[in-house]
Amino acid sequence: METLEQIKSRLEAAIPGLGLEIQCNGAVPGQASLVVPPARAIEAARFLRDDPRLALDYCSNVSGVDWLDRVVEEHARVTRVIDGRERVFDECRERRVPGYLEAVYHLYSMRLKHGPVILRQRTVNRVDQARVTSLTPVWRSAEFQEREAYDLFGIVFEGHPDLRRILMWDEFRDYPMRKDYVEPDDYEYEPTPHDDLKEKARRHYPIEADA
Amino acid sequence: MNRRIPEDVLIEALSTGDLVPESPSHAAVLPRPEGAPRTASEAKPHPIALGDSEGTLLEVAVGPHHPSTHGVFRMDVVLDGERVVRLKPVFGYLHRNHEKLGEGGAYLAAMPYTDRLDYFCSLTNNWAYALAVERLAGIEVPERAEHIRVITAELTRVLNHACLIGFLLQELGSMGTPIMYAFREREKILELIEALTGSRMMCNYMRFGGCRCDLPSGWIEACRDVVEALPRFLDEFENLLSTNEILMARTQGIGVLSAEQAVQAGMTGPMLRASGVNYDLRKVDRYGVYDRFEFGVPLGAHGDVYDRYMIRMLEMRESVRILQQALRAVPAGPIINPKARLRGFKPPAGEVYGRIEAPKGELGFYLISDGSANPYRYRIRPPSFINLTILEDMCRGATLQDTVAILGAVDIVMGEVDR
Amino acid sequence: MNLGKGILKGLVETARNFVGSYYDPARLVTIQYPDERRALPEKARSFPMLVYDGEDPEKGLRCVACKICEKECPPQCIYIVLDRDEKGRPLRRPKIFDLDISVCMSCQICVEVCPFDAIKMNTEFELSTADRFGSLLLHKMDLARPASYYLGLHPVEAGEVNARLAAGPGHAETKAKPAAGPAPAAGTTSGAKPGDSDRP
C-alpha cells in the first residue's frame with residue numbers, strides 16, 4: 001500500500017483546495033491518520049473508495065472521541081522597560097485551547113487486502129458546532145456506528161439518512177461517553193460498602209438511605 | 001423440486017478455500033457461478049408492493065421479548081400482507097456502556113469485562129483486547145502462549161458455530177433436537193475451557209503478553225480426545241440437517257446478499273464469506289501463529305441463509321484441522337512475556353486498532369492511550385452489531401417467517417450488540 | 001424425486017442417538033445435579049476467600065490491609081479498613097474486609113495482584129439466598145478460610161504458594177514464576193508475614 005504521504009498528495013491533487021493534515025501516532029505500530037475537513041470529507045471518502053490503487057471498499061470501524069478543552073501554558077520572553085532600562089522577563093501565559101469531538105474511520109480494502117487508512121473529522125467545538133459530514137452514503141457500514149457516535153458523543157453527522165439514538169432511549173438527554181458526563185444519582189440504593197455510592201444514594205433518596 | 005444439494009456447495013467452497021493469495025495485490029472476489037445474483041437489484045427476491053390498492057400496512061413489533069430474537073432485541077416491522085416493507089432493528093436494552101467502564105479502569109480491569117461482550121466467545125474477546133494492547137505497547141507474546149491462544153480460539157469457534165446452528169434451527173421450528181446435539185458438544189468443550197481457565201464462560205484468561213496460567217497436566221490429551229471426536233459429531237449434525245428438505249426449503253434463496261452489498265455494509269465473518277468474499281483475518285492479517293497452519297476458508301456461492309449455515313459447518317471442520325495441527329505443535333516455554341507487568345501498566349501515548357477474526361466476524365479494539373494507566377478511549381468494533389446494519393435490506397420483500405431465519409443466521413449476541 | 005430422503009436420513013440419525021443415549025458414554029452426558037455432582041477442576045473458581053494460617057482466623061489472617069486488591073478490583077467490590085492500635089499506629093491487619101459478592105464477577109484479578117497470597121478463589125457456588133442485601137455482603141470472618149482448606153481446593157497452586165512462603169519474606173516478586181520442587185505441608189508458615197520491604 002502507498003504511504004500516507006503519497007495518499008495525501010494524491011488526494012490533494014485530485015480534490016483541489018482540500019486541506020489535509022497528517023496526525024502522527026506514538027504507539028508501536030504507528031498507525032498515522034489523515035485529518036479531513038468535514039466540509040470536503042465526502043469527496044475525499046469517495047476518492048479513497050473508488051481509486052483503483054487504494055480501493056478502500058470496507059469501512060471497518062467508526063469511533064467517536066472526545067477531546068476536552070485544555071489549558072496550554074506558553075512561555076515567552078518579554079522585554080520591558082523598567083526604570084529606563086530594558087529587562088528581559090520570562091512570562092507564562094495560559095491559553096485556552098477549545099476542545100473538539102472527533103469521528104475516526106478505519107478503512108480497509110477487502111479487494112486488495114490492505115489497510116488501514118485512518119480518517120479523522122473534527123468538529124469546531126464540543127457545544128454548538130459539533131457537526132461533521134456523514135460518510136454513510138459512501139460506506140453503508142458507517143450507518144449504525146455513526147448513530148452510535150451521535151448517541152454517545154453528540155456528534156451530529158450531516159447527511160446521515162436516519163440519525164437517531166441507537167443504544168440509549170429516545171428521551172435520554174445527555175451524551176454518556178463524553179468525558180465531562182455526570183452520572184445521574186438515581187441508582188437503586190443497595191448497601192454496598194462503598195461510600196461514594198452510598199453518598200450518592202443518600203443525596204437522591206434522603207429519607208430511605210438514612211433509615 | 002429444484003433444490004441444491006449440499007455437496008454442490010461443499011465442493012465448490014472447499015475448492016476455493018485455500019485461494020487466499022500470497023501477494024496482497026491479487027483481486028480476491030471470486031468469480032460467481034452462472035445465475036448467481038450479482039447486484040443489489042437482482043438480489044432482491046421479490047418486488048416490493050407498496051401502496052397496493054387495498055393494502056393497508058400493518059406495523060408489528062417483533063420483540064423485545066420474542067423467542068426468535070436472540071435476547072432482548074426488537075424489530076419494528078411494517079408488513080404489507082405477509083411481506084416485509086420496512087424493518088427497523090431496535091436495541092440497547094442490555095446497554096451498560098462497556099466503553100465507559102473500560103475508560104474508567106486500568107487496562108487490565110477491562111479484560112474481565114470483555115468476557116461479557118459476546119458471552120459465547122469470551123476467549124476470542126480476550127484475545128482481541130490483548131492483541132490491541134500488545135500492539136499498543138509493543139509486547140511480544142511467547143510461542144507457547146500463541147499456540148494456546150489459537151487452540152482456545154478455535155475451540156470457541158466450534159462452540160459458537162455449533163450453537164448458532166442449533167439456535168437457527170430452533171427458530172425455524174426444529175424444536176430441541178439440533179440444539180441439544182450442539183449443546184452436548186459444547187459441554188465437552190466447556191469442560192476443557194473450565195479446566196484451563198477456571199470458568200466455563202467468563203474465562204478472563206489472556207493477559208497482555210501471554211496467558212494467565214499454564215495448561216494443567218493432561219489437558220492436551222483431553223483436548224485431543226474431544227477434537228478427535230468432533231468430526232463424528234459434525235457428520236452426525238450434517239446427516240441430521242444438511243439434506244433435510246424442510247431446512248432447504250426454508251433457507252435456500254432467503255435473505256440473499258450480493259458480495260458488493262456485503263462489503264459495502266461492512267459484513268464480516270461467516271456472513272461475508274457466505275456471499276463469496278474471500279476475507280478472513282486469520283489469512284489477511286496473519287495474527288498470532290495462524291500462518292503456520294494449513295486450513296481453508298470456505299466460501300459460499302449464493303449468499304443466502306443456507307450458505308451461511310453451510311459455511312459455519314465447513315468452518316467447524318477447518319477449525320478441527322487447525323486444532324489438530326496446533327495441538328501437535330504446542331512448544332514448551334514460558335506462558336507469558338516476563339517483561340509484561342500486571343500492575344502499574346502504562347503504555348506509551350498513541351493509538352492503535354487491533355482486530356481478530358472472532359467467530360462472528362471482525363472484532364476490533366480501538367484504543368487511545370494518553371500515557372496514563374487507563375485508556376483515554378476504549379472502543380469496541382462489535383461484529384454482530386455491524387452485521388445488523390443491512391438486516392433491513394435482507395428482509396425487505398421477504399415474509400415475516402423468513403425474517404426469523406435471516407436474523408437467526410446473522411448470529412447476534414445481545415451482550416455484544418448493546419455493550 | 002428425492003423428497004423426504006433427507007428427512008429420513010435425519011430421522012435415522014435421531015434414532016441412533018436415542019438408542020445410543022442408553023449405552024454410549026459420548027452420548028451419556030447428563031449429570032443428575034444435585035443428586036449427582038461433577039468433580040470441580042483444580043482451577044475452578046467462584047468468589048474470593050481470605051486465607052489464614054494456624055487455628056485462629058483473627059490472628060492468622062495473611063491479609064495486611066495493603067488495599068492493592070481494593071484498588072485493582074474492576075467492579076470495586078472490596079472495601080478494606082486498616083486496623084490501628086489505641087495510639088493510632090497501623091497494625092498490618094484489616095479491621096474491616098467486606099466483599100460484596102453481588103458485585104463481584106469472579107475475575108480473579110485480586111488473587112493475581114495480591115503480593116501476600118492472602119486472597120484466593122473459593123469454589124463454593126451454592127450461595128443463593130433470599131436476602132438480597134445482607135447475605136451477599138461477606139465480612140472478614142465469612143471470608144476467612146484455613147490454609148488447609150485452600151490446599152484441599154487447589155492442591156497444585158497451593159503447593160507452589162506454600163513453597164514460596166516457606167522460602168521466607170522477600171520472595172514475593174517471584175510469584176509470576178511457578179515455583180518448582182515439592183510442596184511442604186500447609187501451616188508451616190503460620191505467623192510469617194513478609195516485611196515492609198515487600199510493599200510495592
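The values are calculated or read from the model by the stated rules, or taken from the named source; none is laboratory data. All of these numbers come straight from a predicted model, not from anything done at the bench. Because the Cβ atoms are built from the backbone with ideal geometry, glycine has one as well, and the counts that use them run over all protein chains shown. Just the protein is used for accessible areas: all its heavy atoms, side chains included, with ligands, DNA and RNA removed. Shrake-Rupley method; radii C 1.70, N 1.55, O 1.52, S 1.80 Å.
Results for (1) touching a Pro at 6+ places or on another chain (Cβ under 6 Å); (2) within 11 Å of another protein chain (Cβ to nearest Cβ); (3) open to solvent by 50 Å² or more (accessible area, probe 1.4 Å), shown as yes or no for each residue.
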site: C:89; (1), (2), (3): no, no, yes
site: C:104; (1), (2), (3): no, yes, no
site: C:154; (1), (2), (3): no, yes, no
site: C:158; (1), (2), (3): no, no, no
site: C:161; (1), (2), (3): no, no, no
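For the stretch A:102-138, taking the residues that are away from chain B (no Cβ under 11 Å) and among the basic types (Lys, Arg), the one that is least open to solvent (accessible area, probe 1.4 Å) is identified as A:126.
The residues of the stretch B:291-312 that are in a helix (DSSP H, G or I) and surrounded by 24 or more Cβ atoms within 10 Å (Cβ to Cβ), listed by number, are B:305, B:306, B:307, B:308, B:309, B:310, B:311, B:312. Take the conditions (1) under 28 Å from residue B:141 (Cα atoms); (2) open to solvent by less than 10 Å² (accessible area, probe 1.4 Å); residue B:288 misses just one of them, which is (2). Mind telling me which of the residues B:376, B:366 ends up being at pLDDT 90 or above and open to solvent by less than 10 Å² (accessible area, probe 1.4 Å)? It is B:366. Please return the ranges of helices (runs of 4 or more DSSP H) entirely within the stretch C:1-117 where 3 or more residues are out of contact with any strand residue (DSSP E or B) (no Cβ under 6 Å at 6 or more places or on another chain). Output list reads C:5-20, C:68-72, C:109-113. Based on this model, can you work out whether residue B:221 counts as surrounded by fewer than 24 Cβ atoms within 10 Å (Cβ to Cβ) and modelled with pLDDT under 90? Answer is no for this residue. Residues in the stretch B:186-211 that are part of a loop (DSSP other than H, G, I, E, B) and either of a type in the set (A, V, I, L, M) or more than 16 Å from residue B:128 (Cβ to Cβ) (or both): B:198, B:199, B:200, B:201, B:202. With C:100, C:142 as the choices, which residue is within 14 Å of chain A (Cβ to nearest Cβ) and surrounded by 19 or more Cβ atoms within 10 Å (Cβ to Cβ)? Residue meeting the stated conditions: C:100. Quick check, is residue B:331 modelled with pLDDT of 85 or more, in contact with a strand residue (DSSP E or B) (Cβ under 9 Å, 6 or more places away or on another chain) and open to solvent by 30 Å² or more (accessible area, probe 1.4 Å)? Judged against the criteria, residue B:331 is not a match. For the stretch B:401-419, taking the residues that are within 14 Å of chain A (Cβ to nearest Cβ) and among the β-branched types (Val, Ile, Thr), the one that is farthest from residue B:116 (Cα to Cα) is identified as B:410. Against the list (1) open to solvent by less than 10 Å² (accessible area, probe 1.4 Å); (2) in contact with a strand residue (DSSP E or B) (Cβ under 6 Å, 6 or more places away or on another chain); (3) at pLDDT below 90, the condition residue B:349 fails is (1).
Taking the criterion of being open to solvent by 40 Å² or more (accessible area, probe 1.4 Å) and farther than 15 Å from residue C:107 by Cα, the only residue of the stretch B:102-120 that qualifies is B:104.
Being in contact with a Phe, Trp or Tyr (Cβ under 7 Å, 6 or more places away or on another chain) and either of a type in the set (Phe, Trp, Tyr) or touching a residue at least 60 places away in the same chain (Cβ under 8 Å) (or both) narrows it down to one of B:312, B:282, so name that one.
Criteria check complete, one pass: B:282.
Determine whether residue B:368 is aliphatic (A, V, I, L, M), within 14 Å of chain A (Cβ to nearest Cβ) and over 22 Å from the mean Cα position of the chain (by Cα). Judged against the criteria, residue B:368 is a match. Selection of first residues in the stretch B:231-251 that are more than 8 Å from every other protein chain (Cβ to nearest Cβ) and of second residues that are part of a helix (DSSP H, G or I) and among the aromatic types (Phe, Trp, Tyr), restricted to Cβ pairs under 7 Å at least 6 apart or on distinct chains, gives the following pairs, ordered by first then second residue: B:237/B:181; B:251/B:306; B:251/B:309. Restricting attention to the stretch B:128-152, the residues that are of a type outside the set (Asp, Glu) and within 14 Å of chain A (Cβ to nearest Cβ) add up to 10.
Take the conditions (1) assigned to a helix (DSSP H, G or I); (2) within 11 Å of another protein chain (Cβ to nearest Cβ); (3) open to solvent by less than 10 Å² (accessible area, probe 1.4 Å); residue B:268 misses just one of them, which is (1). Residues in the stretch B:235-249 that are under 22 Å from the mean Cα position of the chain (by Cα) and open to solvent by 20 Å² or more (accessible area, probe 1.4 Å): B:235, B:238. Assessment of the stretch B:382-394 against the conditions (more than 9 Å from every other protein chain (Cβ to nearest Cβ) and under 24 Å from residue B:140 (Cβ atoms)) yields no matching residue. When the criteria are applied in full, residue C:76 fails the requirement of being among the polar types (S, T, N, Q) and closer than 30 Å to residue B:191 by Cβ.
For the stretch B:73-95, give me each residue that is in contact (Cβ under 8 Å) with a residue 24 or more places away in the chain and open to solvent by 20 Å² or more (accessible area, probe 1.4 Å).
Passing the criteria: B:80, B:81, B:82, B:83, B:86, B:88, B:90, B:93, B:94, B:95.
A quick yes/no check of all residues on (1) among the charged types (D, E, K, R); (2) in contact (Cβ under 8 Å) with a residue 60 or more places away in the chain:
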| residue | (1), (2) |
| --- | --- |
| B:321 | yes, no |
| B:326 | no, yes |
| B:336 | no, yes |
| B:344 | no, no |
| B:354 | no, yes |
| B:373 | no, yes |
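Counting only residues that are surrounded by fewer than 24 Cβ atoms within 10 Å (Cβ to Cβ) and touching a residue at least 12 places away in the same chain (Cβ under 8 Å), the stretch A:139-148 holds 1 of them.
Of everything listed in (1) away from every other protein chain (no Cβ under 13 Å); (2) touching a Leu at 6+ places or on another chain (Cβ under 7 Å); (3) modelled with pLDDT of 85 or more, the single unmet condition for residue B:80 is (3).
Being assigned to a strand (DSSP E or B) and either among the acidic types (Asp, Glu) or more than 15 Å from the chain's Cα centre (by Cα) (or both): is that true of residue A:104 here? The answer is no for residue A:104. Restricting attention to the stretch C:1-60, and to residues there that are within 12 Å of chain B (Cβ to nearest Cβ) and hydroxyl-bearing (Ser, Thr, Tyr), which single residue is least open to solvent (accessible area, probe 1.4 Å)? That would be C:46. Taking the listed residues B:97, B:125, B:160, the one that is within 14 Å of chain A (Cβ to nearest Cβ) and of a type outside the set (Ser, Thr, Tyr) is B:97, with no other qualifying.
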